[in-house]
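First the structure, in the form of structure tokens, and then the observations on it.
Laboratory data are not the source of any read-out in this text; all were calculated from the coordinates shown. In this text, all values refer to a predicted model and were calculated from it rather than measured experimentally. Cβ sites come from the backbone with ideal geometry, for glycine too, and all protein chains shown count toward neighbours.
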Amino acid sequence: MSPVLDIKNLSKNFGSIEILKNINISIDEGDFLVLVGPSGCGKSTLLNCIAGLEPISDGGIAISGQDMTHVSPKDRNIAMVFQSYALYPTMTVAKNITFGMKVRGVEKEVQAQKLQEVSRQLQIEPLLNRRPGQLSGGQRQRVAMGRALVRDPKLFLFDEPLSNLDAKLRVEMRTEIKKLHQSLGASMVYVTHDQIEAMTLATKIVVMKSGVIQQIGTPAEIYNRPANLFVADFMGSPAMNLVPASTSKTSSGFDIIIRRVGEDPLVLSDTKARDLPSEVMLGLRPEDITDGQFRNGSAKPMAPCKVSVVEPAGADTFVVLSLGGKEVTARLQAETSAEAGKSMEFCFDLNKASYFDRDTGHRLSV
Amino acid sequence: MVTTSLKSLEEIRTGSLVALPRVITFEAWKTAWSGACTGIQCEGLQPYFWNSVLLAVPAVILSTLIGALNGYVVAQWQFRGANLIFSLMLFGCFIPFQVVLLPMARMLGLMGLAGSIPGLIFVHVVYGIGFTTLFFRNYYVSIPAELVKAAKVDGAGFYRIFWSIFLPLSLPIIVVTVIWQFTQIWNDFLFGVSFSQAGTQPITVALNNIVNSTTGVKEYNVDMAAAIIAALPTLLVYVVAGKYFIRGLTAGSVKG
């Protein structure tokens, strides 16, 4: 079966500025693809290109095997939810939802029936006669989703749909979108700058920067095996610790040596590493640096480090230490005994460590 | 003006200018409406009043509609050179009336519209488009572009989006434009006197003729009444439309 969305060698220029460079993405039926990246990385432009709202300069887009490169948005069998919801302000909720069907000349009875289905599904039945101005942010969001759902499209497009909501509502709607995706089994493309949204929703993540795809993969792949320093730093909160280190080969693997100011260098041994250059960038997730007291398993390297800041966050306590001239965050249990200014034993789990080339920033395969 | 228009000529001559009339008479109003002489015709303002209505109403409607469509295009359907065209239209707002008189006269002659009411309508529409486009463009730029995108995905075309989404949103700016255009067109004298002939003159020209072409006694009461009649429709537009203007503003504020 052909992929639901197939983007081949897509490029997009505004004048002489390249916005998107050689994009290749393909997703299957039921995939939830999240485009994530910092502001201005071209993710929204890419979504608009998929929707047909922006012409592309080069390459092609196919939806369900049909070439859609030069097809107008209404014939692409897509539905889109916008950041500002873009509800028609002078129409009631019901008219907002049925507007697309009305334009396409769908019969009145079918319209009414679909409206009823969708409004029941989204629990917006009591709102049908109101205008968008009389709705709260979350309700508007639902109506915008309703407008997309009645279309029953091959592909749903979401352009940062949650960024206008407050923190609590955002988490609720996020869960709701995920439920919707599971119950519909529909294919979705979702743009966000929020890496947590990306991790929680996606079955497949595309990390972008300056119009170039940095990495495509499942959330776990992106999180555990980032392809370069940018992805490592961008995905995850707190960010992955990136520390310059030198290496030396030993009989059982590699010693990773991290210089410290005013203290002996920290030497960690990684038995998994096969081949490393003498200078690397070591990437360690905060949860891979843990409290030495609560160590489980034996073979993990331990080392004393001086704690500079302790940040309790309820479930976890984040501890900042200084390694290799950089601040490094460790995620400890809430009941840790860490105290600012004091030294304590930390356990470094190099099992999931990533190594990057210091010059190119690319991941070194271990 | 009102007091003078309600006095008899006798009283005007003997009384002071600001005194209230001792005997109220609507004689002067009657004369002004249907009996005052402009040159040799003594039909009062009546026929010219209808000329002005026939002229102002279509001209206002046409220039507002065209302005709305232009503003919609310039604000939401940016094409190559859109800004240049908009700047040129803005520039058009600053061209003094007198400059276009001769070219416009030639143009109307070529179009076969010289001296007719449709000709005058054409002149006012052309002259008004600059302003109306400016009004609507500035109103429509504040409407998020995502609205147009959403409608496009929904399958609506250029005119569908305009009729179903933009026009219903435009009440406040339509009222502003109508007030502006109606005042301009109704009060215009220069185009009216230049591009009309006997029988198609608008009310401002007729008023001038009544006031300036009296023979014998100057009938101040008739002049005053005529002036008020000529000014009445613009006043009315302000009062009636002004109310909608406020409503339009409050409606907009709930929109969110």
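If the reach is capped at under 17 angstrom between alpha carbons, list the lysines near B:LYS218, excluding any in the same chain fewer than eight residues apart.
B:LYS7, B:LYS30
Considering every residue in A:85-93, what mean count of other chain Cβ atoms within 10 Å of its Cβ is obtained? Working shown, then result.
On the way: counts 4, 10, 4, 11, 10, 10, 3, 0, 0.
Mean inter-chain Cβ contacts per residue within 10 Å come to 6.
Averaged over peptide A:103-116, how many Cβ atoms belonging to another chain are found within 10 Å of each residue's Cβ? Walk me through the numbers before you get to the answer.
Values: counts 8, 3, 1, 0, 0, 0, 0, 0, 0, 0, 0, 0, 0, 0.
Mean shielding by partner chains, rounded to a whole number: 1.
First measure r as the distance between the Cβ atoms of A:LYS168 and A:GLU117, then evaluate 1/(1 + (r/R0)^6) with R0 = 30 Å and state the FRET efficiency to the nearest 0.05. Numbers along the way, then the final one.
On the way: r = 28 Å, r/R0 = 0.95.
The calculated FRET efficiency here is 0.60.
Indicate the helices, whole DSSP H runs only, in chain A that combine a mean Kyte-Doolittle hydropathy of -1.0 or more with a Cα extent along their long axis of 20 angstrom or more. List each step's numbers first, then the result.
Numbers: long enough: A:108-122 (21 Å, -1.09); A:167-184 (26 Å, -0.67).
Those that clear 20 Å and a mean of -1.0 are A:167-184.
So, counting K/R as plus one and D/E as minus one, what does the shell of residues with Cβ under 14 Å around A:LYS21 add up to?
Numbers: positive: A:LYS8, A:LYS12, A:LYS43, A:LYS209; negative: A:GLU18, A:ASP58.
So the surrounding residues net to +2.
How much of the DSSP bridge set in chain A is antiparallel, in percent, rounded to the nearest 5? Working shown, then result.
Values: 63 of 81 bridges.
Taking every DSSP beta bridge within chain A, about 80 percent pair in antiparallel fashion.
In the stretch A:55-181, with Lys and Arg counted as +1 and Asp and Glu as -1 at Cβ, which of these residues, A:PRO161, A:GLN83, A:PHE99, has the Cα nearest the positive end of the dipole, that is, farthest along it?
A:PHE99
Of A:ILE7, B:ILE229, how do they rank once you tally other Cβ atoms within 10 Å and put the fewest first?
Ranked by crowding around the Cβ, least crowded first: B:ILE229, A:ILE7.
Please list, in chain and number order, the residues 5+ apart from A:ASP291 or on another chain whose amide H is under 5 Å from its amide H, with Hs placed from the backbone.
Close amide H contacts, sequence-distant or interchain: A:GLN333, A:CYS347.
Name the trypsin sites (Lys or Arg not before Pro) in the stretch A:251-333 that are in a loop by DSSP and that have at most 15 other C-beta atoms within 10 Å, would you?
Numbers: sites: A:ARG259, A:ARG260, A:LYS272, A:ARG274, A:ARG295, A:LYS306, A:LYS326, A:ARG331; in loops: A:ARG259, A:ARG260, A:LYS272, A:ARG274, A:ARG295.
In loop regions of the stretch A:251-333 (DSSP not H, G, I, E or B), the sparsely surrounded trypsin sites (Lys or Arg not before Pro) are A:ARG259, A:LYS272, A:ARG274, A:ARG295.
Where nothing but the Cβ of Lys and Arg (+1) and of Asp and Glu (-1) is charged, how large is the charge dipole of the protein assembly as shown around its Cα centre, in debye to the nearest 20? Intermediate results must be reported in sequence, preceding the final value.
On the way: 56 positive and 50 negative charges, 225 e Å.
Here the size comes out at about 1080 debye.
At a 10 Å Cβ-Cβ cut-off, how would you order B:ILE173, A:ILE25, A:ILE257, fewest neighbours first?
On the way: B:ILE173 23, A:ILE25 20, A:ILE257 16.
Listing B:ILE173, A:ILE25, A:ILE257 from fewest to most nearby Cβ atoms yields A:ILE257, A:ILE25, B:ILE173.
Could you go through the stretch B:123-140 in sequence order and give the Karplus-derived ³J(HN,Hα) for each residue, using 6.51 cos²θ - 1.76 cosθ + 1.60 with θ = phi - 60°, rounded to whole Hz, and x for Gly and Pro?
4, 5, 5, 4, 5, x, 4, x, 5, 5, 4, 4, 4, 5, 4, 5, 6, 6
Identify the GluC sites (Glu not before Pro) of the stretch A:124-199 meeting these criteria: DSSP loop state and at most 12 other C-beta atoms within 10 Å of the C-beta.
Details: sites: A:GLU172, A:GLU176, A:GLU197; in loops: none.
Qualifying residues, ordered by number: none.
Using amide H atoms built in the peptide plane, which far-off residues or other-chain residues are under 5 Å from A:LEU5 H to H?
Amide H neighbours of A:LEU5: A:ILE27, A:SER64.
Can you tell me the relative contact order of the stretch B:77-208? Whole percent, Cα pairs under 8 Å, sequence separation 6 or more.
Details: 66 pairs, mean separation 46.0, N = 132.
RCO, the stretch B:77-208: 35 percent.
Please list, in order along the stretch A:58-65, the HN-Hα scalar couplings obtained from phi with the Karplus expression 6.51 cos²θ - 1.76 cosθ + 1.60 (θ = phi - 60°), rounded to whole Hz, x for Gly and Pro.
Taking θ as phi minus 60°, the curve returns 7, x, x, 10, 10, 10, 6, x Hz for the stretch A:58-65.
Taking the Cβ of each residue in B:ARG80, A:ARG147 as the centre, tally the other Cβ atoms inside 10 Å and list the residues starting with the fewest. Display every interim value, and only then the final one.
Details: B:ARG80 6, A:ARG147 27.
Ordered from fewest to most neighbouring Cβ atoms within 10 Å, B:ARG80, A:ARG147 come out as B:ARG80, A:ARG147.
Evaluate the relative contact order of the stretch B:1-151 (contact order divided by residue number), counting alpha-carbon pairs under 8 angstrom at least 6 apart; express in whole percent. Before the final figure, lay out each step's value.
Values: 136 pairs, mean separation 39.5, N = 151.
After rounding, I find 26 percent.
Select from B:VAL18, B:TYR72, A:VAL320 the residue farthest towards the positive end of the dipole of the protein assembly as shown; place +1 on Cβ of Lys and Arg, -1 on Cβ of Asp and Glu, and compute about the Cα centre.
With unit charges placed on the Cβ atoms, the residue in question is B:VAL18.
Roughly what angle does helix B:171-187 make with the longest principal axis of chain B, taking Cα atoms, 0 to 90 degrees, to the nearest 10?
For helix B:171-187, the angle is close to 40 degrees.
Given labels modelled 7 Å from the Cα in the Cβ direction, how far is it in nm from B:VAL2 to B:ASN138?
The answer from the label model is 3.3 nm.
For the protein assembly as shown, what is the calculated [θ] at 222 nm in deg cm²/dmol (nearest 500), taking -39500 (n - 2.57) for each run of four or more DSSP H residues and dividing by its residue count?
On the way: 21 runs with 266 residues, N = 622.
One gets -13500 deg cm²/dmol as the mean residue ellipticity at 222 nm.
Quick one: length gained pulling A:SER278 to A:GLU263 fully straight, 0.36 nm per residue minus the C-alpha distance?
Values: separation 15, 0.36 × 15 = 5.40 nm, distance 2.14 nm.
Here the segment from A:SER278 to A:GLU263 would lengthen by 3.3 nm.
Hey, if you put +1 on the Cβ of every Lys and Arg and -1 on every Asp and Glu Cβ in the stretch B:1-129, which of B:GLY81, B:PHE49, B:GLY119 ends up farthest toward the positive end of that dipole?
Most positive-ward Cα: B:GLY81.
May I ask you to derive the FRET efficiency for B:SER16 and B:VAL217 from their Cβ-Cβ distance with R0 = 22 Å, giving the value to the nearest 0.05?
On the way: r = 19 Å, r/R0 = 0.86.
For B:SER16 and B:VAL217, the calculated efficiency is 0.70.
Nothing charged except the Cβ atoms of Lys and Arg (+1) and of Asp and Glu (-1): what's the magnitude of the dipole of the stretch A:1-119 about its Cα centre? Round to the nearest 20 debye.
Working: 11 positive and 12 negative charges, 87 e Å.
Result for the stretch A:1-119 is approximately 420 debye, rounded to the nearest 20.
Give me the inter-chain shielding for B:156-169: mean count of other chain Cβ atoms within 10 Å, whole number please.
Counting Cβ atoms of other protein chains within 10 Å of each residue's Cβ and averaging gives 3.
Which far-off residues, 5 or more places away or on another chain, put their amide H under 5 Å from the one on A:GLN214, with H placed in the peptide plane?
Amide H to amide H, under 5 Å and 5 or more residues apart or across chains, A:GLN214 pairs with A:VAL207, A:MET208, A:LYS209.
Can you list the cysteines of chain B that have no other Cys Cβ under 4.7 Å away?
By the Cβ distance rule, which asks for a partner under 4.7 Å, the isolated cysteines are B:CYS93.
Do any chymotrypsin sites (Phe, Trp or Tyr not before Pro) in the stretch B:55-104 lie in a DSSP loop with no more than 16 other beta carbon atoms within 10 Å, and if so, which?
Working: sites: B:TYR72, B:TRP77, B:PHE79, B:PHE86, B:PHE91, B:PHE94, B:PHE97; in loops: B:TRP77, B:PHE79, B:PHE94.
Listed in order of number, the matching sites are B:TRP77, B:PHE79, B:PHE94.
Can you give the net charge of the other residues whose Cβ lies under 9 Å from the Cβ of A:ARG331, counting K and R as +1 and D and E as -1? Walk me through the intermediate numbers first.
On the way: positive: A:ARG285; negative: A:GLU287, A:ASP288, A:ASP316.
With Lys, Arg at +1 and Asp, Glu at -1, the net is -2.
Say the cut-off is 18 Å between C-alpha atoms; which of A:LYS8/A:LYS74; A:LYS168/A:LYS204; A:LYS306/A:LYS326; A:LYS178/A:LYS204; A:LYS249/A:LYS326; A:LYS12/A:LYS209 go over it?
Working: A:LYS8/A:LYS74 21 Å; A:LYS168/A:LYS204 25 Å; A:LYS306/A:LYS326 13 Å; A:LYS178/A:LYS204 13 Å; A:LYS249/A:LYS326 24 Å; A:LYS12/A:LYS209 14 Å.
From the list (A:LYS8/A:LYS74; A:LYS168/A:LYS204; A:LYS306/A:LYS326; A:LYS178/A:LYS204; A:LYS249/A:LYS326; A:LYS12/A:LYS209), the Cα-Cα distance tops 18 Å for A:LYS8/A:LYS74; A:LYS168/A:LYS204; A:LYS249/A:LYS326.
Run the quick spin-label model on B:LYS30 and B:ALA198: label points 7 Å from Cα toward the beta carbon, then report their separation in nm to one decimal.
2.8 nm
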